[in-house]
Structures are given as structure tokens and as C-alpha cells.
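To start, the structure itself, in C-alpha cells.
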Amino acid sequence: MSWGTELWDQFDNLEKHTQWGIEVLEKYIKFVKERAEIEINYAKQLRNLSKKYQTKKNSKEEEESKYTSCKAFQTTLNEMNDYAGQHEVVSENMTSMIMAELTRFVQELKQERKSNFHEGRKAQQHMETCWKQLESSKRRFERDCKEAERAQQYFERMDADINVTKADVEKARQQAQIRHQMADDSKGDYSSVLQKFNHEQQEHYHTHIPSIFQKLQDMEEKRIVRLGDSLKTYADIDRQVVPIIGKCLDGITKSADSINGKQDSQTVIESFKSGFEPPGDVDFEDFTQSIKRTVSDTSLTNSRADGKSELKISGKSRGKLWPFIKKNKLSLKLCFGFHQGATPEDFSNLPPEQRRKKLQQKVDELNKDIQKEIDQRDALTKMKDVYMKNPQMGDPASVAQRLIEISNNIEKLRVEVQKFEGWLAEVEGRLPARNDNSRRQSALYETQNATTPVSNCAQDRESSPDGSYTEDQSQETEVKVTPTEFDDDFDDEEPLPTIGTCKALYPFDGENEGTISVAEGEVLSVIEEDKGDGWTRIRRNEEEEGYVPTSYIEVYLDKNTKGAKTYI
């Protein structure tokens, strides 16, 4: 089927149809452009979302990332980042492979269409000119024929009239001949123009117009085929990223399968295990031994002495239950010697098991640093040998100073390793799991076997509110207090008066024994100011009290308090 033969008289409709076809192609290009914009915006939002939930370095989240569930979540975020990259690829391919190509193709179509219709209009104008010439020749021939007929009729009337002179008749005859000659000439001209017009019309409708319409038909079919190919490309662009997206989703599934609840539970144990042993049974304390049925001077004296001794034992026994005592003011005062957040070099503020892990980690890091220095020293030594054999390549003295510095660094690192290995061996020798002699956890300042002064607390502590512990249980600290003083501190203590108020500048968890948790902006009562150890004792609602870091609060002491001042 050809437009040239079937639609020879539909020039205007074909012009409208081809224009509509180009508009359809332009609409499709616009659709692809908006789809590409959606893809790139979606990819950007996915990347921002993935970045938002990524683990921040040097944060608590980084410590939590050791759990399999957290690792799986981080893997999911990384896979989503790759997933976003595939949408960027889709956007880029649609822009380059569809939009750019079709935009150029549309420009070519418009130019081709314009050229074809310009040629068609030119052919139509030529036919209109030929038709006008034919009509003019026809009218002239018709006019000359009528004139010749009238002249012939006039001559016949003149010839039949006897009153008309012979000269007038001759004149009428000549005029009739002239008109007949003119009619014959017009007839010949009209015949010639008609033949020419018929020829031009034959060429127009059977050659020129079919050729032009065929070009338009080819152009339109090419546009349709190109649109179909573009739709296939549109689908292929998406299909190409499906395997990679599938791999991203497979990675997420794999990470989900890698989650191990038992392993995470074991990680919790390794993270928080203190190394302490649970406290043993509490001995029965028989207070009836001091009671005598018969009272005498001797028995009275003995009973007083025995009672005093029992009171002292009682005080000692109380110290063994330190994890469950709500008010451990004495231990806080004696062993809260360093500010929260400050970490000793030997990690003595940590429980035994956690301290062992930190020390082992430090030893491993130092050994890695030593190995790096050794590798660098070996490389420089080889370079020095090459320079000595080939002086033109370099001066051996240029690396000698660097070799000396590396050797000094190695020695310093080895000294550090020995120091930390010593601490590590000491801790490993005292952990219950690494010692054949089973030891029972003692109180923070147990008095039964201790002879060490209070000043040794910072070195030989077992436990304190910030997690410190006694490194040597054979050197437990003694606190020499009378039974009356002990009871005042723990049993029958009168509530301390309020000496001011404070406002929490930062939140504090208060997880350690003797501390109290506060929320940011909370206002509480101050019952004991900072004694220089970095801690302030506060109270909430006349019932709950404990210590908080002085740097975490803003204190407002009463004006009538001795030495009143504000801590910020």
C-alpha cells in the first residue's frame, strides 16, 4: 500500500498526520526525561538515607557494630548505596541512549518533512499555474468562436439585403473570415495548452506526488520503527541493572542470614564480662554469745568486749555485700579518685576481664607498629646497600640518620610492649579462669585480712562506682572505723541537710554503684559539695541520692553555706 496512489488527494491530511507523529515522538522524549530525573532524584535520596544511618566514627555506634545484627544492618546500608548507583546508571543511560539520540532524530525528521512538503507545495503551485493557462486559453477560444459566429451571421444578413451595397457586403465577408481565422488560431492554442496540461497533470499525480508521498511514508514508518526500538532500549536499560540490583538484594539476604543470636550473646559476654566471681555465702552472725544469764563484773566486762568485737565483725560483713548497698558513701569518698572519663595507662579502672582485653589489644597494636618499623628499616637497609655499591644512585649517609631514628623507635616500642605484657601477665594470673586457686570476690574495702593503708586504694582497689577493681586481693584495703562510725555511715545515718541546688548540664547514666542518673536540665538538691575528687552528692525527692560528676552540673550553693561557690 502506497500513500502516493491511495492518498493522492490527501495532501493536507498527510501534513497534519506527519506533524502529529513528530509530536508523539517529542512527547515520548519528554516522558523519558522526566523518568531520568525521577531516577536520579531517587538515587540521591537513597544515598542520603544510607549515609544518614551509617555508623559514625569514634561514636558509641562504632562499638556496637561488632554485633552480627549491626553488621548486617551496615551491609544493608552499603548494598542500598550500590542499589542507588544502579538507578543513577538508569538515568544516565536513558539520557544518553534515548533522549539525546531521539532529539537528534526528531530534528532530522522535521527537516526532512519540511523539505518534502515544500516540494509538494511547489508541484501543486505548478499545476495551478497550468490550470490557469488552460482556463485562459479555453475562454479565449470560446470568445473567438462566438465572435466568428456573430460575424458570419452579420455577413449573411448583409448578403441577403438588396439595399446594401456590394462594398458593405464585401467588408462583412472579410470581417467574418478574419473572425474565423482567429477562432481557428485560438482552437489550436487551446489544444496545445490542453495537451500540455494533461501531460503535467499526469506527471503530477502519477510521478511527482507519489514520489513525495512515498518519502513521507518512509519517513513516518522510520519514525514508528525508531519509536519501537527506543521502547525496547527503554526496557533493556532497566533490564541491564536488574542482575546487579538482584545481587544487592542477595547481599542483603545474605547479611540477614549471617545474623547469629548466639554469637551476639557471646559478644555481649566478652564486652561486659568483669572477671569477678560471684560473692560467696554470708556467714551467720550469732549475737547471743554476748548475752550472759548471770550478770557480774567480770561477765559485764567480757560481754562488752565481745560485743565490741562482734560489732566490728558485723561491719566487716556488711562490706561484703557492696553490690547491693544503696548508700556506699565511704567507698565513693575513698576510691573515686579520678574523674570519670580519664583512663589510666594500665586500664586499672576496668574490671579484670575487660582490662585483659584492652591490654592484649594494646600489645597487638604495639607489635604491629614494631613490625612496620622493622619492615621500613629493612627497606632502608637495602637502599643503603644499593647506594654503597652504586654511589651514583644516591648518598648512603642520607638514609643513615633515618635508620638511627627507626632503631630508636623500635626500642621504645619494645619497652612499651614489655610494660604492657607485664601488666597483662599480672592480670591473667589473677583472673579466676587462669588461676587454679579459686578466689571469692571481696568488698571494696574489706577489713578482715587487710593491713594496707587507705592511701593504697588507687593501686589495689577491687571495685568502685566507675568500674575499678582490686588488682591484688591479698592486699585489700583496711578502713579502721569504729562500729559507731560504720553504723552512722550505712544504717542509722541522719539525712544530710540541703546546702544548695544544681542543674544538670548534660545527661548522666549513673550505672555504677553509688551514683545517680540525671537528665539534662533536671534540677536537684545538693547535700554535699565537691571535696576535690570531681564528684558532688545530690538528692532527688528526699529519697534518692547519689554522686554525679561535678563537671556535669551547675551548682548554686546557699549564701549562708560556708565557703559557698558556684561550679560551672
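Computed quantities for the displayed model
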quantity	calculated
Pairs where the first residue, in region 209-230, is within 22 Å of MET94 (Cβ to Cβ) and the second is β-branched (Val, Ile, Thr), C-beta under 6 Å, 6+ apart	SER230/ILE98
Unmet criterion (only one of (1) over 30 Å from HIS206 (Cβ atoms); (2) in contact (Cβ under 8 Å) with a residue 12 or more places away in the chain; (3) open to solvent by less than 70 Å² (accessible area, probe 1.4 Å)) for ARG47	(3)
Tally of residues being under 24 Å from PRO210 (Cα atoms), open to solvent by 80 Å² or more (accessible area, probe 1.4 Å) and touching a helix residue (DSSP H, G or I) at 6+ places or on another chain (Cβ under 9 Å) across region 91-109	0
Selection count where residues are of a type in the set (A, V, I, L, M) and open to solvent by 80 Å² or more (accessible area, probe 1.4 Å), scope region 191-222	0
Residues of region 175-190 satisfying the condition of being open to solvent by less than 40 Å² (accessible area, probe 1.4 Å) and of a type in the set (Ser, Thr, Tyr)	SER186
Residue list for region 500-545, filter: open to solvent by 30 Å² or more (accessible area, probe 1.4 Å), touching a Ser or Thr at 6+ places or on another chain (Cβ under 7 Å) and hydrophobic (A, V, I, L, M, F, W, C)	VAL523
Among (1) surrounded by fewer than 12 Cβ atoms within 10 Å (Cβ to Cβ); (2) outside any loop (DSSP other than H, G, I, E, B); (3) over 24 Å from the mean Cα position of the chain (by Cα), the one test that TYR234 misses	(1)
Residues satisfying the stated conditions in region 513-568, i.e. among the aliphatic types (A, V, I, L, M), in a loop (DSSP other than H, G, I, E, B) and modelled with pLDDT of 85 or more	ILE516, ALA519
Test result for GLU270, at pLDDT below 85, open to solvent by less than 70 Å² (accessible area, probe 1.4 Å) and more than 30 Å from GLY85 (Cα to Cα)	no
Failed item in (1) more than 30 Å from SER50 (Cα to Cα); (2) free of Cβ contacts under 8 Å to residues at least 24 places away in the same chain, with VAL242 passing the rest	(1)
Flag for LEU350 being in contact (Cβ under 8 Å) with a residue 24 or more places away in the chain and in a helix (DSSP H, G or I)	no
Test: residue in region 144-155 that is more than 22 Å from LYS187 (Cβ to Cβ) and among the aliphatic types (A, V, I, L, M)	no
Region 113-153, subset crowded, with 17+ Cβ neighbours inside 10 Å and within 30 Å of GLN217 (Cα to Cα), residue farthest from the chain's Cα centre (by Cα)	CYS130
Residue match in region 385-408 (condition: in a helix (DSSP H, G or I), at pLDDT 85 or above, touching an Asp or Glu at 6+ places or on another chain (Cβ under 9 Å) and over 30 Å from ASP283 (Cα atoms))	yes
The one condition in (1) without any contact (Cβ under 8 Å) to a residue 40 or more places away in the chain; (2) open to solvent by 80 Å² or more (accessible area, probe 1.4 Å); (3) not aromatic (Phe, Trp, Tyr) that SER265 fails to fulfil	(2)
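The values are calculated or read from the model by the stated rules, or taken from the named source; none is laboratory data. These numbers were taken from a predicted model, which means no experiment stands behind them. Cβ: placed from backbone, ideal geometry, glycine included. Neighbour counts: every protein chain shown. The protein model used for the area step is the full one, side chains on, heavy atoms only, and it has no ligands, DNA or RNA in it. Shrake-Rupley method; radii C 1.70, N 1.55, O 1.52, S 1.80 Å.
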